[in-house]
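Step one of this worksheet: look at the structure below.
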Amino acid sequence: MEEHYNPEITPRDNQWMEFANCKNKIDIMFPDDYAHRSEIERAKLICRACVVINECKEYSLKMDEIHGIWGGMTPADRRRYRKQQQYNINLSVGKQ
Ligand code: SF4
């Protein structure tokens, strides 16, 4: 995935949301649990073109969002990401 980063926009104040590529596309970003893969990919494509993808991803992980596509990640992607992060932390402190 192409990385975007704008140091002017921080997740601290949520101003980044003003730059969201998914404005007015909320129905696409929150597909139901049984959505076809093409619907998920459509939402992820919108994220890939978004200038605040990193801020959005960070926000969704911090807020523990359990629904919708945020920062190009589905809820399942976020669960896998958190598990991997925890695994990496455990490895670094010698726990497994
Ligand atoms: S990364 Fe995706 S979900 Fe997040 S603001 Fe951009 S388009 Fe919306």
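The values are calculated or read from the model by the stated rules, or taken from the named source; none is laboratory data. Predicted model only: the values in this text are computed from it and were never measured. Cβ sites come from the backbone with ideal geometry, for glycine too, and all protein chains shown count toward neighbours.
A compact table of results
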read-out: Candidate set from region 1-59 (those that are surrounded by 11 or more Cβ atoms within 10 Å (Cβ to Cβ), of a type in the set (S, T, N, Q) and at pLDDT 95 or above); member that is farthest from the ligand (Cβ to nearest atom); value: ASN54
read-out: Residue list for region 48-66, filter: assigned to a loop (DSSP other than H, G, I, E, B) and either more than 15 Å from CYS22 (Cα to Cα) or touching a strand residue (DSSP E or B) at 6+ places or on another chain (Cβ under 7 Å) (or both); value: MET63, ASP64, GLU65, ILE66
